[in-house]
1. Considering the range 301-324 alone, what residues qualify as being assigned to a helix (DSSP H, G or I) and open to solvent by 70 Å² or more (accessible area, probe 1.4 Å)?
2. Do you know which residues across the range 1-34 are modelled with pLDDT under 75 and not in a loop (DSSP other than H, G, I, E, B)?
3. Within the range 339-354, how many residues turn out to be within 21 Å of LEU286 (Cβ to Cβ) and either among the basic types (Lys, Arg) or open to solvent by 30 Å² or more (accessible area, probe 1.4 Å) (or both)?
4. Could you grab the pairs with beta carbons closer than 6 Å, sequence gap of 6+ or different chains, first residue in the range 197-210 and acidic (Asp, Glu), second one open to solvent by 10 Å² or more (accessible area, probe 1.4 Å) and modelled with pLDDT of 90 or more?
5. Would you be able to tell me the number of residues in the range 241-258 that are of a type in the set (A, V, I, L, M) and free of Cβ contacts under 8 Å to residues at least 40 places away in the same chain?
6. Could you say which residue among LYS191, LYS187, LYS183, LYS196 is at pLDDT below 90, surrounded by fewer than 20 Cβ atoms within 10 Å (Cβ to Cβ), of a type outside the set (Phe, Trp, Tyr) and within 19 Å of the chain's Cα centre (by Cα)?
7. Please count how many residues of the range 19-65 are within 27 Å of LYS241 (Cβ to Cβ) and of a type outside the set (Gly, Ala, Ser).
8. Quick one: what pairs do we get from the range 116-132, first residue within 13 Å of THR90 (Cβ to Cβ) and among the hydrophobic types (A, V, I, L, M, F, W, C), second assigned to a helix (DSSP H, G or I) and open to solvent by less than 70 Å² (accessible area, probe 1.4 Å), C-beta under 6 Å, 6+ apart or different chains?
Amino acid sequence: MQTLERSHVPTATKDENFFTAIGNTKPFFKAAFEGEPGTGKSWSAALVAIGLHKKIGSKKPVVLIDTEKAAKFLVPLFEEHGIEAMVRETHSLADLVTAMKLCSEGYSDIMVIDSITHIWMDFQEAYKRKLNRQNFQIQDWMAIKSDWNRNFSIPLVQSPIHIIATGRVSDRMEQEVDEDGRKEFTKTGVKMQAEKNAAYEFDVLVLMERHELIQRNKREVWRQATVLKGRGNLLDGKVFKNPTYEDFAPAVEAVIKNPSEARFSPIERDAGELIRTEEDKRKWVLERKRWLEEIEGYLVSVWPSTGAQEKKNKTDALEYAFQTRSWSAIEAMRPDVLEDGYTRIQEFVQKKIAELKGEEAPELTPDQKFDKDLRDSKVDKPKKPAKAVKSGK
C-alpha cells in the first residue's frame with residue numbers, strides 16, 4: 001500500500017495556509033490613456049511616468065516602447081525633470097515581451113508603451129504571415145487571443161514594474177430600430193483599438209479628448225481627461241482639464257502603498273487538473289476497478305469463510321471505512337475515496353485481530369498518523385438521524 005505523502009496531497013486541508021489576510025501583493029501602477037490623434041495621450045502618459053519616477057525615488061531610466069517614432073518630442077520634457085529615458089522603436093510584440101522581461105529583471109521600474117494599438121495590429125499581421133493567408137478564419141481568433149493573453153495580458157498584470165500605455169480609439173456602434181422598423185447603426189461611444197479585453201487589465205483607464213472654444217477673437221484649446229475606470233473608486237468618473245501627474249496621484253498612491261509579499265501557499269494549482277479527457281476517464285474507471293478488487297481480495301484473504309461471523313466482520317469493516325454496508329454504494333465511489341477506505345479497512349482488521357487476541361492495537365507511526373488525520377479530514381461524517389418525537393395523542 002502506497003501511502004500519501006504531504007507533497008502529493010491533491011487538495012488543501014483545513015490546517016494549510018491556503019487563505020491569507022488581504023494585502024497589497026501587486027504594488028505596481030498599470031494605466032492606459034486612450035483617445036483620438038492630438039488628444040494628448042503620449043504627453044499625459046509621459047507626465048505620469050515622470051511623476052511616478054519621482055514618487056518612488058527611482059534611479060533607473062524610464063523605458064519607452066515607441067511605435068510611432070514620436071518619442072523625440074518628449075526629450076525636452078524628460079530633460080526638464082532630469083530623468084533619463086531609453087527607447088525601443090518597434091511594432092513587434094516579440095520586442096515588447098523582451099523589453100518587459102529586461103525591465104522586470106531590474107533594467108527599469110517604469111515602462112511607457114506608445115501605443116498598444118500598433119502592437120496589436122502588427123501581431124495580427126504576423127499571424128497572417130505565419131499562416132500564409134490574407135484573412136482570418138473564425139477558429140484562428142481563439143489561437144490569436146490565447147497567444148496575446150499569454151505574451152501580453154498576463155505579463156502586463158504580473159510584471160513587477162509600473163506600466164503606462166496609450167491606445168487609439170474607434171467608434172463603438174450599436175444597431176437600433178427606428179419607428180419605421182428600419183435598422184440603423186448609432187455611435188454609442190468609443191473603444192480602444194486593441195484586443196477587446198485589453199482595457200480590463202489596467203488599474204486606471206483614461207479617455208483623452210481635445211476641446212476647442214472660439215469666442216470672437218479668443219480661441220482656447222485644451223485637452224480633457226475622463227477617468228473611465230479607476231479601481232477603488234478614487235478617480236472613477238473624474239474629469240481633468242490639461243491633466244498632470246497630480247491629478248492621478250491619489251490612484252498611484254493607492255496602488256503602491258503598503259506593499260506586501262505574495263503569501264500564497266500552497267503553490268497555485270493548475271486548473272488543467274480539473275479537466276478530464278476520455279483517456280483520463282478510462283484511467284479513472286480502471287483505477288476504481290483496481291481498488292474495488294484490492295478491497296474485496298484483502299477482506300477475503302483475512303476472513304475467507306462465508307460463515308455468519310466472518311461475513312459480519314467484512315461488512316463491519318466496510319461500514320468503518322465508508323460509513324455504509326452497501327457494496328453497490330461503494331462500487332460507485334471515486335478511486336481516491338476507495339484508496340483511503342482501503343487503508344481504513346486495514347486499520348479495522350488490525351484492531352479486530354488484536355481484540356480477538358486480547359491485545360492492544362499497535363500505535364501508529366508519525367507517517368501513519370498523518371495519513372489517518374488527512375483521511376479523516378476529508379470524510380464527511382454522516383449526521384445521526386433525528387429521534388422520532390412521540391405523539392401525545
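1. Here is the first cut: in the range 301-324, the ones assigned to a helix (DSSP H, G or I) are 301-302, 308-322.
Hits for the range 301-324 are SER301, ALA308, GLN309, LYS311, LYS312, GLU319, TYR320.
2. Step one: of the range 1-34, the residues modelled with pLDDT under 75 are 1-20.
Result: ARG6, SER7, HIS8.
3. Here the count works out to 1.
4. Hits for this filter: GLU209/GLN224.
5. To start, the set of residues in the range 241-258 that are of a type in the set (A, V, I, L, M) comprises 249, 251-252, 254-256.
Filter again for free of Cβ contacts under 8 Å to residues at least 40 places away in the same chain, leaving 254.
Matching residues across the range 241-258 total 1.
6. On the way: LYS191 fails: within 19 Å of the chain's Cα centre (by Cα); LYS187 fails: within 19 Å of the chain's Cα centre (by Cα); LYS183 fails: within 19 Å of the chain's Cα centre (by Cα).
Testing whether each residue is at pLDDT below 90, surrounded by fewer than 20 Cβ atoms within 10 Å (Cβ to Cβ), of a type outside the set (Phe, Trp, Tyr) and within 19 Å of the chain's Cα centre (by Cα) leaves just LYS196.
7. Looking only at the range 19-65, we keep the residues that are within 27 Å of LYS241 (Cβ to Cβ), and these are 29-56, 62, 64.
Pick out the ones that are also of a type outside the set (Gly, Ala, Ser) and you get 29-30, 33-34, 36-37, 39, 41, 43, 47-48, 50, 52-56, 62, 64.
Count: 19.
8. Correct list of pairs: ILE119/LEU93; ILE119/LEU96; PHE123/LEU93.
The values are calculated or read from the model by the stated rules, or taken from the named source; none is laboratory data. Just so it is clear, the structure is predicted and the values come from calculations on it, not from any experiment. Ideal geometry is used to build each Cβ from the backbone, glycine not excepted, and the neighbour counts take in all protein chains shown. The accessibility values were calculated without ligands, DNA or RNA, using every heavy atom of the protein model including side chains. Shrake-Rupley method; radii C 1.70, N 1.55, O 1.52, S 1.80 Å.
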